[in-house]
Amino acid sequence: MNIEISNGRVICPKNGVDRDNASVYIAHGRIVGLGEAPKGFVATQKVDASGCVVSPGLIDLGARLNSIEAELAAAVAGGVTSVVVPPDADPPLDEPELADRRVHRGEEIGKARVLPLGALTLGLKGERLAELAGLKKAGCVAFSQASRPVVDTEALLRAMEYAATFGFAVWLQPQDHWLSRSGIAHEGEVASRLGLAGIPVAAETIAVGSIIQLVRDTGCRVHLTRISSAAGMSLIQRAAKEGLPISCDVGIHHLLLTENDIGYFNPHARFVPPLRAQGDRQALSDVAAAGGAAICSDHTPVGADDKLLPFGEAKPGATGLEVLLPLTLKWAEAAGVSLPAALARITSAPAEILGVDGGSLAVGAPADICVFDPQASWQLAPEALRSRGKNSPWMGYMMTGKVMHTLVDGRIVYST
Amino acid sequence: MHNPQLNNKGELTHLLSTEGLPAAILTQILDTAASFMEVSSRDVKKVPLLRGKSVFNLFFENSTRTRTTFEIAAKRLSADVINLDITRSSTAKGETLLDTIDNLCAMDANLFVVRHASSGAPYLIAEHLHKIGRDDIHVVNAGDGRHAHPTQGLLDMYTIRHYKKDFTQLRVAIVGDILHSRVARSDIHALTTLGVPEVRAIGPETLLPKYLDKLGVHVYHDMAEGLRDCDVVIMLRLQNERMNGALLPSAGEYFRHYGLTPHMLAMAKPDAIVMHPGPMNRGVEIHSAVADGPQAVILPQVTFGIAVRMAVMSIVAGN
Amino acid sequence: MTLLPDSLPDAEAQCLQLAEAIRPSLSKNPALVGIFSGGVWIAERLRALLGLSDDIGMIDVSFYRDDFAEKGLHPQCRPTTIPFDVQDRHIILVDDVLYTGRTTRAAINELFDYGRPASVQLAVLADRGGRELPIDKSFPAWDVTLAEGANLVLERNPQGLLAWRLENA
């Protein structure tokens, strides 16, 4: 299949490309030309991208795929071509055979690429190591505890030493177990007023501090997920400056919302880590704008029965795959970030963190592409979502930024 | 954001919290309660206002005291009262909170009195009733988690007004475990709305929420200092069941520093009144001599509570 | 003939007339109970004019009205005070304007929750007709017809004198 995508604004943040009315040429699943057609290229299919942006397919560093078919369909509807899946499904991904099956199933479905994270410890219990090398061989891209803390610092040290031996990366969500176990909201003004058990910022900074020290001692490459506080982000920035192999990401909801969005106990504003104060949100936004953090959706589908409960009983998380793009554009506009810089946060920056050859539109790269209309508005309604997760604090709001086509491996896997 | 307690005419349709209610509505409730005090002093303590209406007491958290006062109040309004004690086991059978509400709506309920262990539960119910088009059913919050106990807050205001008349001249101190107290939060919002110039919170750091100053409260860790020249002292119960570790070393040490003894009470004005939402832990937060002494108005609080609850139910049920 | 604003009678003079109409009944030792607020002012006048020793009763009918479902609780209710024993007493209910009869019905119901009176009579200054219940005044009053939508209101000026005002004439 030879595809020509023409008349669009072609943006490749990694290579600094931003060209109006340019074409992208695809053959054998790869990009074979940018701007000029390669010699002898004959398109068997043409896609008209007038008024649209042609960008690398989005890479989402965190999405839970509870019912894999629906969620992978949701991914490509959201322009996401690669999905990093945390290991905390049921059962946790701690066996190579399980990883093999997950990757295989993803390939069968043939929509977005599934990049599973393997469990760092058996059952994610934080005690005994899982078979990291076996999991890597079966397709795991890195190792993680999802959002579960490793309480036993010695176990964490050994796990990081082991991973470092093989050069594997460890992804950790920095949250001190003791300081966060009974809290349900950020320990701030809103929680004080509403009588919600609080999770202090110290829960994040203590964990970040410990992990940074362990990176210094082991040399293990660590990616810190879903940072929520200014103080936590500041520690990470300093460690990165020190030259330590540390990266981080921020959930898109934490760039746009704060504790105030809890309002009258809105269960759709319950997240792990919690939405914090305006100052924290601003710091996260500044670091992301400066290129110091990638952005992901932290896609977490939750059924109505588990969400329509009193705040402290509701399952945390929101649907994210289909709103990652419009919400990132919304953030970019408010933060004064250019479109290419914003797209970098969800394409080239995640690719760099993963160490994969994606997130770009270079000639020779796999043809994972997202064509979207940055001006088109659509209403977020349950019927508009392919994901089983209809849980969102934005339900009923208008979204700006609509995916028109998504390609994976040079095949059109989604058209609006 | 629309105030879920008020209908589109600005009238009270649910009582969920004292926070966010204009002073005019708080005052209306207190004035109406005064009329109901008169009713409670007659031989025939009933008025026909809620005749034919059904009041459902939904207590997801046990409390015989509060439930009884709501029951008395509803019966004095001639309402039919149905008590539902929803224990953990029936929710474990899989019925969600909102499923329970839907079932009760189908049984012609007019008013739900709700007590729940999770902050925010009554809001979820009020929101749901609005979504299903049942704005004719009203919710009165009888206590949700640590968040609010608005009828207690109101009866505390009634008590203060009864003995002290003018809110704008008072110093009021709230002593104890404010972190876990829905009574304290409801009192604080009502006091500031009604114009009390100085609201003080007294307790150890571990029992006070952060950011209390943002609610307009002055924080004291020294009880003698905090009680100086106060007109009203509200003592909170030290709640064993709400604390899960490491907040206090012992009830004994607490009493030595934060217990209301006659000596401590002497720091306040000589005509200061002592209040307590009950039940009291004698010797833990309050000395018996004070609890039984002339400045304590703890029993009148209970009587006022019935009139205040009658006022709240009749106001919301008519809107 | 409908009432015009410039031909309103003197309410104080009407009180004098009403007092004289009630005077023959004094042998029954009646107690006066005024219905808030106009009825209470008139009852105070009557008590002074008739030289009664008992304090007047003051009744607020908010909790006994029949329109709770439509209108909700009246925003300003005052406590009812009956400073004497209702049991076996002859009561004269006092109100300013008798109209549909519903206020009187509510007041009678409320009174009966205090005890069983020997008898209840109704004294009003004005009767505008339009009865919806079988209720009647017990003493002569000013019979008046109002235009559609008009309202007759009794007011007390800062000097304490009672006067009529016509609304929406």
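The values are calculated or read from the model by the stated rules, or taken from the named source; none is laboratory data. Just so we're clear, the structure is a prediction, and the values are computed from it rather than from any experiment. Quick reminder, even Gly has a Cβ in these numbers, built from the backbone with ideal geometry, and neighbours come from all protein chains shown.
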Could you please find all residues in segment A:287-315 being more than 14 Å from chain B (Cβ to nearest Cβ), touching a helix residue (DSSP H, G or I) at 6+ places or on another chain (Cβ under 9 Å), closer than 23 Å to A:Met399 by Cα and not aliphatic (A, V, I, L, M)?
A:Cys296, A:Ser297, A:Asp298, A:His299, A:Pro301
Here is a list of conditions, (1) assigned to a helix (DSSP H, G or I); (2) more than 14 Å from chain B (Cβ to nearest Cβ); (3) closer than 19 Å to A:His253 by Cβ, and A:Ala351 meets all of them except one; can you say which number that is?
(3)
Among the residues of segment B:33-43, are any closer than 29 Å to C:Val86 by Cβ, assigned to a loop (DSSP other than H, G, I, E, B) and within 9 Å of another protein chain (Cβ to nearest Cβ)?
yes
Candidates B:Lys46, B:Lys75 - the one that is within 12 Å of another protein chain (Cβ to nearest Cβ), surrounded by fewer than 23 Cβ atoms within 10 Å (Cβ to Cβ) and not aliphatic (A, V, I, L, M)
B:Lys46
Kindly indicate the residue of segment B:13-26 that is facing chain C (nearest Cβ under 10 Å) and surrounded by fewer than 23 Cβ atoms within 10 Å (Cβ to Cβ) and also farthest from A:Ile262 (Cα to Cα) among those meeting that condition.
B:Ala24
Out of the residues in segment A:306-333 that are free of Cβ contacts under 8 Å to residues at least 60 places away in the same chain and in a helix (DSSP H, G or I), state the one that is farthest from A:Ala70 (Cα to Cα).
A:Glu333
Scan segment A:290-316 residue by residue and report those that are on the phi > 0 side of the Ramachandran plot and surrounded by fewer than 24 Cβ atoms within 10 Å (Cβ to Cβ).
A:Gly291
Checked pairs for segment B:298-319, first at the interface with chain C (Cβ under 9 Å from one of its Cβ atoms), second of a type in the set (D, E, K, R), C-beta under 6 Å and 6 or more apart or across chains, list as B:Asn319/B:Glu11
Applying the selection to segment B:250-302, what residues are in a helix (DSSP H, G or I) and surrounded by 17 or more Cβ atoms within 10 Å (Cβ to Cβ)?
B:Tyr254, B:Phe255, B:Tyr258, B:Met264, B:Leu265, B:Val290, B:Ala291, B:Ile298, B:Gln301
Residue check: is B:Leu154 more than 10 Å from chain A (Cβ to nearest Cβ) and under 23 Å from B:Leu299 (Cα atoms)?
yes
So, in segment B:123-166, of the ones that are of a type in the set (Asp, Glu) and part of a helix (DSSP H, G or I), which residue ends up surrounded by the most Cβ atoms within 10 Å (Cβ to Cβ)?
B:Asp156
Flag if A:Pro267 is under 28 Å from A:Glu69 (Cα atoms), more than 12 Å from chain B (Cβ to nearest Cβ) and either touching a residue at least 60 places away in the same chain (Cβ under 8 Å) or surrounded by fewer than 24 Cβ atoms within 10 Å (Cβ to Cβ) (or both)
no
Would you mind stating whether B:Arg237 is in contact with a His (Cβ under 9 Å, 6 or more places away or on another chain), away from chain A (no Cβ under 14 Å) and at pLDDT below 95?
yes
Would you pick out the residues in segment A:167-199 that are of a type outside the set (S, T, N, Q), touching a Leu at 6+ places or on another chain (Cβ under 9 Å) and under 29 Å from A:Gly219 (Cα atoms)?
A:Phe168, A:Ala169, A:Val170, A:Trp171, A:Leu172, A:Pro174
So which residues in segment A:126-137 are touching a Leu at 6+ places or on another chain (Cβ under 8 Å) and outside any helix (DSSP H, G or I)?
A:Gly126, A:Arg128, A:Leu129, A:Ala130
Testing B:Leu50 on (1) in contact (Cβ under 8 Å) with a residue 40 or more places away in the chain; (2) not in a loop (DSSP other than H, G, I, E, B), one condition comes back false. Which one is that?
(2)
Hey, does segment C:25-35 have a residue that's of a type in the set (Gly, Ala, Ser), in contact (Cβ under 8 Å) with a residue 24 or more places away in the chain and within 14 Å of chain B (Cβ to nearest Cβ)?
no
I'd like the full set of residues that are outside any helix (DSSP H, G or I) and at negative phi, limited to segment A:257-289.
A:Leu257, A:Thr258, A:Tyr264, A:Asn266, A:Arg270, A:Phe271, A:Val272, A:Pro273, A:Pro274, A:Leu275, A:Arg276, A:Ala277
Only one of these is without any contact (Cβ under 8 Å) to a residue 40 or more places away in the chain and within 13 Å of another protein chain (Cβ to nearest Cβ): B:Leu84, B:Leu30, B:Leu98. Name it.
B:Leu98
State whether one or more residues within segment C:43-59 are under 22 Å from B:Ala317 (Cβ atoms) and surrounded by 22 or more Cβ atoms within 10 Å (Cβ to Cβ).
no
Do the conditions hold for B:Val55, that is, is it within 24 Å of B:Leu124 (Cα to Cα) and either hydroxyl-bearing (Ser, Thr, Tyr) or modelled with pLDDT of 90 or more (or both)?
yes
Go through the residues of segment A:103-125 one by one and say whether even a single one is part of a strand (DSSP E or B), closer than 18 Å to A:Leu325 by Cα and touching a residue at least 40 places away in the same chain (Cβ under 8 Å).
yes
For A:Lys390, the lone unmet condition from (1) under 30 Å from A:Tyr264 (Cα atoms); (2) at pLDDT below 95; (3) of a type outside the set (Gly, Ala, Ser) is (2)
What is the one condition in (1) among the hydroxyl-bearing types (Ser, Thr, Tyr); (2) at the interface with another protein chain (Cβ under 8 Å from one of its Cβ atoms); (3) assigned to a helix (DSSP H, G or I) that B:Ser119 does not satisfy?
(3)
Can you name every residue in segment A:174-190 that is facing chain B (nearest Cβ under 9 Å) and farther than 22 Å from A:Asn260 by Cβ?
A:Ser182
Given the conditions (1) surrounded by 21 or more Cβ atoms within 10 Å (Cβ to Cβ); (2) in contact with an Asp or Glu (Cβ under 7 Å, 6 or more places away or on another chain), and given that B:Val81 satisfies all but one, which numbered condition is not satisfied?
(1)
How many residues are at the interface with another protein chain (Cβ under 10 Å from one of its Cβ atoms), part of a loop (DSSP other than H, G, I, E, B) and of a type in the set (D, E, K, R) when one looks only at segment C:53-104?
5
